[in-house]
Structure formats: structure tokens, C-alpha cells
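Report on the following structure.
The values are calculated or read from the model by the stated rules, or taken from the named source; none is laboratory data. Fair warning: this is a prediction, and the values are worked out from it, not measured in the lab. Cβ: placed from backbone, ideal geometry, glycine included. Neighbour counts: every protein chain shown. Note: accessible area is taken over every heavy atom of the protein model, side chains too, but ligands, DNA and RNA are not part of it. Shrake-Rupley method; radii C 1.70, N 1.55, O 1.52, S 1.80 Å.
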Amino acid sequence: MITNRIANEGFEISPRFRTTIEERIARLEKDAEFDEAQVSALVDGDHIRRHMRLVAMQRAEALRMRLFLDRAQTRLPRPLIAL
């Protein structure tokens, strides 16, 4: 029971890590669009199937990362001046 409560509370990530994940999501989505556009140039059915599987995996990974960011809170940066 405790693990369910802890999992639902969320967690904090650094602003830099959040930016890195957001950039990775953008790259995955851009690559998926590009790869899907290239399918029309493929002839072999097996190659097309594998290529579409790649596109699906890119989109699934981007979605997984988006869900991760939705659960995470961004940690406030440390103050530059010691208080």
C-alpha cells in the first residue's frame, strides 16, 4: 500500500533534465514523421513492416517520455546568493 501512495506523489527533476527530455521527445517525433514519409519509397513488404515498426516505437518512446514529464515536477533552481 505504501508503494502505491509514493508512486502517485510524483517526484522532482532538474530543469536541465526536463529540457533534455523535451528535446529528445521533439527529436523522436520529428524522426517518426520523416521515417513515415520515407515508406512510400520502399518496395519490399517486409522492409515496410519493419520500417513502420520503427515509427511506432519512436512514437511510443516519445509518449512514454511525455507521461514521465507529466508525473514529474520541476525542481526550483538553487538561489545564486546564499541566504
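Worth a mention:
- Charge dipole (the chain, unit charges on Cβ, about Cα centre) - positive-most of SER40, LEU76, MET57: LEU76
- Accessible-area composition of the chain, carbon plus sulfur, in percent [1.4 Å probe]: 58
- Area accessible to solvent at ASP31, 1.4 Å probe radius, in Å²: 60
- Principal-axis analysis of the Cα atoms of the chain puts helix 45-71 at an angle of about 10° to the longest axis.
- Solvent-accessible surface of protein heavy atoms, probed at 1.4 angstrom with all chains present, puts ILE81, ILE25 in the order ILE81, ILE25, largest first.
- In Hz, Karplus ³J(HN,Hα) per residue of region 18-33 (6.51, -1.76, 1.60; θ = phi - 60°; x = Gly, Pro): 4, 4, 4, 5, 4, 5, 5, 4, 4, 5, 4, 5, 5, 5, 5, 4
- In a simple Cβ point-charge model (Lys, Arg +1; Asp, Glu -1; nothing else charged), the chain has a dipole of about 420 debye relative to its Cα centre.
- If you look at the Cα atoms of the chain, you get an Rg and a Dmax of 18.8, 66 Å.
- Among ARG59, ARG78, ARG71, the sequence by solvent-accessible area, most first, with a 1.4 Å probe is ARG78, ARG71, ARG59.
- The length gained on full extension between GLU22 and ALA37, counted as 0.36 nm times the residue separation minus their Cα-Cα distance, comes to 3.1 nm.
- Most to least accessible of LEU54, LEU42 (protein chains only, probe 1.4 Å): LEU54, LEU42
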